[in-house]
Each structure stands twice: as structure tokens, then as C-alpha cells.
Amino acid sequence: MKAILLTEAMNIEITDVTKPTAGEGEVIVKIAASSLNHRELWIQKGLYPGMKVPCILGADGAGTIVELGNNVNPTWKDKEVIIYPAYDWGTNEHAPSRQFRVLGMPDPGTMAEYIAVPTTNLVEKPKYLKWQEAAAIPVAGLTAWRALNRHGRIQKGDKVLITGIGGGVAQAGLALALAFGATVYVTSSSAEKIEYAKSIGAIGGVNYKDEDWHSQLKELSGGIDIVLDSSPSPVLDNYFRFMNYGGRIVTYGSTGAPKTTISISKFFLRHIQFIGTAMGSPLEFMALLQFMEKHNIQPLIDSQFSFKDGEKAFDALRTGNQIGKIVINHI
Ligand SMILES: NC(=O)c1ccc[n+]([C@@H]2O[C@H](COP(=O)([O-])OP(=O)(O)OC[C@H]3O[C@@H](n4cnc5c(N)ncnc54)[C@H](OP(=O)(O)O)[C@@H]3O)[C@@H](O)[C@H]2O)c1
């Protein structure tokens, strides 16, 4: 079968690999569409822990079950599914096990004609979603869901800031926060992206490249309860200019700066919580899909590429010009 293979750091090839077979409790899913995440760029740069090559890339995917392994209920055959994008979360909803890992390095990923996965990794695709939309959900949607719902404890009327609104997780967070009834503000390097966010329901936004963006945001919002953050500032104290007392900063990425500093006294006197998060559990994935179906949420797709043009999809991600998800069509 054809697959998008990372052969070594910085080198991906669309090449022939052996088709997987379904083990005990596993099925073979014929992938209809996959989507890209920033993670694949970190992996290509060799900046991801536990690098292993060659490896089929891709955490996000959706498709049809075409083969069943032993001890799989025959009702799974021909089902259209979305793949939960990780293994071994474990039984603790508060945090994953140490064995937790995302599909697509070191385990084979979704950017191939077929993937073998346990049925415990599968959720039936809600009928209202097209293949491309289904494939755009897993990593970004799940990360945003856990960050806002569990860690942010989002409620109707909360004021939420979403940083770097061009990103996949940020876009998913915007749609979810609006569906929760929150009042949403954004940051971006692009005035067009801020305008786009406003056109779908955000109240306003500021450019994170402006040195005084924290003060601008305070003026615009009056105060923020929850930050959904892919890029903490190098000096986190700047956030105290706009955070409400008791606010939650939920961080899922380090795009902006790998380190940050914080004034401890301001932090505790204002009852601020600074919370790290990564992806979410299988139960949260199911809850996310139910919430999305209830609120008829379609993920935002920036662009689509055919499988044979898969490498161009990575070029598009590298530019950072996208707003929403970049999808690869496999069929
Ligand atoms: N913890 C997890 O489970 C998890 C899951 C997914 C992603 N991540 C991480 O989260 C980050 C975003 O991932 P993604 O896949 O959503 O990314 P993406 O689709 O590649 O988007 C990246 C976005 O980051 C924004 N950005 C760049 N520099 C920034 C800065 N200095 N301050 C604020 N925003 C900045 C840009 O927004 P504008 O274009 O609007 O300027 C850009 O569009 C990555 O670091 C990724 O590794 C973590």
C-alpha cells in the first residue's frame, strides 16, 4: 500500500510499504481522509521525544472498516469511523499513563491507505460530517475539548481568550467555546484572521506581535477568565494585566517560547491557575463528538490535497498561513 513515510529527519516520501494485518481485537480501516497537525512538523525536525524512523506519519484519520481481526464483533464490518488518535491513555481521567502516545510515530499513523487499530480506538462517524470534516477533528478537537471543558471548566458567559487563532486547536477551541455560550477574544499575527474569527462569533482580537497586546486586550475585554494557549509569553506576568482573579491559563503548546517566567506572589494572590494539557482520553473523545453533533459543529478546513500531493500539504502547514485544518484526501 502507499503511505506517507518519514524516512529520516526532514525527509518524507510517498512510498510503498507492507499493508498491515489485523491482530487480536483489531480491524483494518481503509482511510478516506487524514489531516495534519503541528506535531508532524516537530517530528520532521527531529524535535519530538522518542524519535523512530521509518514511520508512517499522521494522527488524524477517518475511514471505513474493511477487515476484522480475531475476537471482533462482526457488527463492526463496513462501519464508517473516526479514529481516536492515541494509545494507552489508561484508566485515570485526570492524566494519561506514562505509556500514552499519539498515533504516527512511533506507532504507524493514519497517512496511508490502511491502518490496523483496536476497536477501542474507534467511534462511529456522525452522519452529518463529511470525511474531510471527520478527519479534521481528532487531535485538535480533543485537545481543545479537554482544555476548555475539564481544565478551563468553561461556563456560559465566561470570557475566553484563544491565542494564535490560525491554528487547528485554536479554531476548534473557538467553535467549542462559542457553543458553550462563552464570550471569545483571540490573538493572531494576522488582521484577516482576527476579522475571520469575528465573522464567526468572536468579539474581537489583538495582534500578539504588538508589544502592548496584553494591555490592548485588557482594554478590549475588561478581563479574561480562561486562556486557551498554544504560546505562553516568555514573561507570563504579562497575562496578569488581563486575567481576572481566579482565572485559568490552559496551555497545550509552546509555539511562541519554550520557557516562561512568572511572579509567584501575583500568581497566588490572584488565585490564578496555570494548567498544562495534552490531547484527552477516549471517553473525552466520545463526549466531544456528541457535543459537536448536538451543536452541529463543523471543523474549519483551510485546504485539501490529494494523497499524491501529500508533500504539498506539509509545505502549506509550514507556511503558517492557514486558518483551520489542512486535509489529505485518500480516496
Ligand atoms: N498538547 C497537545 O495535545 C497539543 C495538541 C495539538 C497541538 N499542540 C501544539 O500546539 C501548537 C499549535 O498546534 P496546531 O496544530 O494547532 O498548530 P497550527 O495549526 O500549525 O497553528 C499554528 C498557529 O500558531 C500561531 N502562532 C505562531 N506563533 C505564535 C506566537 N508567538 N504566539 C501566539 N500564536 C502563535 C499562529 O497563529 P496566527 O496565524 O493566528 O498568528 C499559527 O497559525 C503547536 O506547538 C503544537 O505542537 C499540542
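The table for this structure:
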item: Of all residues making up segment 101-136, the number that are part of a loop (DSSP other than H, G, I, E, B) and either over 21 Å from Glu284 (Cα atoms) or in contact with a strand residue (DSSP E or B) (Cβ under 6 Å, 6 or more places away or on another chain) (or both); result: 11
item: Residue in segment 114-130 that is buried (at least 17 other Cβ atoms within 10 Å of the Cβ), modelled with pLDDT of 95 or more and either outside the structural domain of Asp78 (by TED's automatic domain parsing) or within 16 Å of the ligand (Cβ to nearest atom) (or both) present; result: no
item: Matching entry among Gly201, Gly166 (being touching a helix residue (DSSP H, G or I) at 6+ places or on another chain (Cβ under 6 Å), part of a loop (DSSP other than H, G, I, E, B) and at pLDDT below 95); result: Gly166
item: Lone qualifier among Asp60, Asp88, Asp107 - being modelled with pLDDT of 95 or more, of a type in the set (Asp, Glu), under 26 Å from Ile323 (Cα atoms) and under 22 Å from the mean Cα position of the chain (by Cα); result: Asp60
item: Subset of segment 176-197 that is assigned to a helix (DSSP H, G or I), within 13 Å of the ligand (Cβ to nearest atom) and within 27 Å of Leu289 (Cβ to Cβ) - its residue that is least open to solvent (accessible area, probe 1.4 Å); result: Ala197
item: Qualifying positions in segment 204-220 - part of a helix (DSSP H, G or I) and of a type in the set (D, E, K, R); result: Lys218, Glu219
item: Phe268 vs. criteria under 22 Å from the mean Cα position of the chain (by Cα), surrounded by fewer than 20 Cβ atoms within 10 Å (Cβ to Cβ) and more than 13 Å from the ligand (Cβ to nearest atom); result: no
item: Residue tally, condition open to solvent by less than 30 Å² (accessible area, probe 1.4 Å) and either closer than 19 Å to Val117 by Cβ or more than 16 Å from the ligand (Cβ to nearest atom) (or both), over segment 37-54; result: 3
item: Enumeration of residues in segment 32-67 that are farther than 19 Å from Gly141 by Cβ, in a strand (DSSP E or B) and in contact with a helix residue (DSSP H, G or I) (Cβ under 6 Å, 6 or more places away or on another chain); result: Ile65
item: Lone unmet requirement of (1) farther than 23 Å from Gly276 by Cα; (2) crowded, with 20+ Cβ neighbours inside 10 Å for Ile200; result: (2)
item: Hits in segment 137-153 (condition: touching a strand residue (DSSP E or B) at 6+ places or on another chain (Cβ under 8 Å) and surrounded by fewer than 24 Cβ atoms within 10 Å (Cβ to Cβ)); result: His151, Arg153
item: Candidate set from segment 277-331 (those that are touching a residue at least 24 places away in the same chain (Cβ under 8 Å) and basic (Lys, Arg)); member that is least open to solvent (accessible area, probe 1.4 Å); result: Lys325
item: Residue satisfying all of: in segment 217-257; open to solvent by 60 Å² or more (accessible area, probe 1.4 Å) and more than 10 Å from the ligand (Cβ to nearest atom); farthest from Gly168 (Cα to Cα) among these; result: Tyr245
item: Tally, over segment 16-31, of residues that are part of a strand (DSSP E or B) and surrounded by 12 or more Cβ atoms within 10 Å (Cβ to Cβ); result: 6
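The values are calculated or read from the model by the stated rules, or taken from the named source; none is laboratory data. In this text the structure is predicted, and so the values were computed from the model without any measurement. Heads up, the Cβs are rebuilt from the backbone with ideal geometry, glycines too, and the neighbour counts pull from every protein chain shown. The protein model used for the area step is the full one, side chains on, heavy atoms only, and it has no ligands, DNA or RNA in it. Shrake-Rupley method; radii C 1.70, N 1.55, O 1.52, S 1.80 Å.
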